[in-house]
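I have placed the structure first, in the form of structure tokens, so that the comments after it can refer back to it.
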Amino acid sequence: MKFVRRVARKLFKPREIIEGYENPELVETIFLKTVNHRPSGHAWPLVVGVKTVLDFGGGAGLHYRLACQQSPDIQWAVVETPAMVRRAKELASDRLMFFERIEEAADWLGGVDLVHSNGAIQYVPDPLDTVRALCAVQPAMLVWHRVPISDEIRREVQTSYLSDNGPGESRASREKLVRYERKWISEQAFIGAHEGFRLTEQSPDPTERGTQQFKFARH
């Protein structure tokens, strides 16, 4: 099935392009796919014993749904674009909330055990300023996945299929392309932006070629 899909994409490439993460159709696709997704019951060691999480770029709360399978009392704050926050608010609860600003999310949590971010920092206007803002809330630990690392900061235009955004399978009737700017981040600058923290783990991220995963702990 995946082979047929790849061939079809090569032969019938979508002509319609939507721009950026604020696009309503992209937001709705991610939201509906998250709601309809049924996460597996695999253990997630990272969140064992963790009480509060600030999930930067956490979409409509997929990572929360994964975490609360084994830690049902975990408190989770997602920081996202204004468009995603507006759409995902109907999923909010006393354990899951959505915010546009890092500081508001940290205030609601009342103390941050873990900052978690998966494939998001490269899409903000200034990745290093955002890293510093996340460090400023003084989490016990920061964990990053799918960070594009280069010798220097550079920009590129990235294109993906609409149906590939969000978890699981898409129910979209017509395929489109999504285009947005992505930054490649200097490894030295990225690590250096974590003032007051020490790097405890770093390795290639197995889920996306050319990216790295990092773990930092507070000094």
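The table that follows gives values for the structure above.
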read-out: Theoretical gain in end-to-end length, GLN202 to ARG38 [0.36 nm per residue, Cα-Cα removed]; value: 56.1 nm
read-out: Matching label, P(r) over Cα pairs in 10 Å bins from 0, in percent computed from the structure shown, candidates (i) 7, 27, 19, 9, 10, 13, 10, 5, 0; (ii) 7, 25, 28, 15, 8, 6, 5, 4, 1, 0; (iii) 8, 32, 37, 19, 4, 0; value: (iii)
read-out: DSSP beta bridge pairing in the chain, given as percent antiparallel to the nearest 5; value: 50
read-out: Per residue accessible area of the chain, 1.4 Å probe, in Å²; value: 55
read-out: Quarter of Cα convex hull surface for the range 114-219, i.e. mean projection, nm²; value: 7.2
read-out: Test item: Cα-centred dipole of the chain, Lys/Arg +1 and Asp/Glu -1 on Cβ, debye; value: 1060
read-out: Under 14 Å, Cβ to Cβ, from ARG65 - net charge with Lys/Arg +1 and Asp/Glu -1; value: +2
read-out: The range 53-108 - convex hull of the alpha-carbon atoms, volume per residue in Å³; value: 63
read-out: Relative contact order, percent, the range 111-176 [alpha-carbon distance under 8 Å, six or more residues apart]; value: 33
read-out: Accessible heavy-atom area order of MET97, MET84, highest first, probe of 1.4 Å; value: MET97, MET84
read-out: Probe 1.4 Å - accessible area at VAL143, Å² to nearest ten; value: 10
read-out: Zone of LEU46's modelled label, taken as backbone nitrogen in the range 136-176 under 20 Å from a point 7 Å along Cα→Cβ; value: 136-150, 165-168
read-out: Surface accessible to a 1.4 Å probe, ARG198 within the full protein complex, Å²; value: 120
read-out: Normalised contact order of the chain, rounded percent, pairs of Cα under 8 Å and 6 or more residues apart; value: 22
read-out: All-pairs alpha carbon distance profile, the range 82-176, 10 Å steps from 0, percent; value: 12, 37, 36, 15, 1
read-out: Separation of alpha-carbon centers, the range 44-60 and the range 73-92, rounded to whole Å; value: 13
read-out: Residue-level accessible surface for TYR123, protein heavy atoms, 1.4 Å, Å²; value: 50
read-out: Cross-link reach list, aspartates and glutamates versus LYS13, counting only Cα pairs under 16 Å and skipping chain neighbours closer than eight places; value: ASP164, GLU175
read-out: Net charge of neighbours whose Cβ lies under 11 Å from the Cβ of VAL79, counting Lys and Arg as +1 and Asp and Glu as -1; value: -4
read-out: Accessible carbon and sulfur surface of the chain relative to its total accessible area, %, 1.4 Å; value: 50
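The values are calculated or read from the model by the stated rules, or taken from the named source; none is laboratory data. Not measured: the values here are computed from a predicted model. Glycine gets a Cβ as well: all are built from the backbone with ideal geometry, and neighbour counts include every protein chain shown. The accessibility values were calculated without ligands, DNA or RNA, using every heavy atom of the protein model including side chains. Shrake-Rupley method; radii C 1.70, N 1.55, O 1.52, S 1.80 Å.
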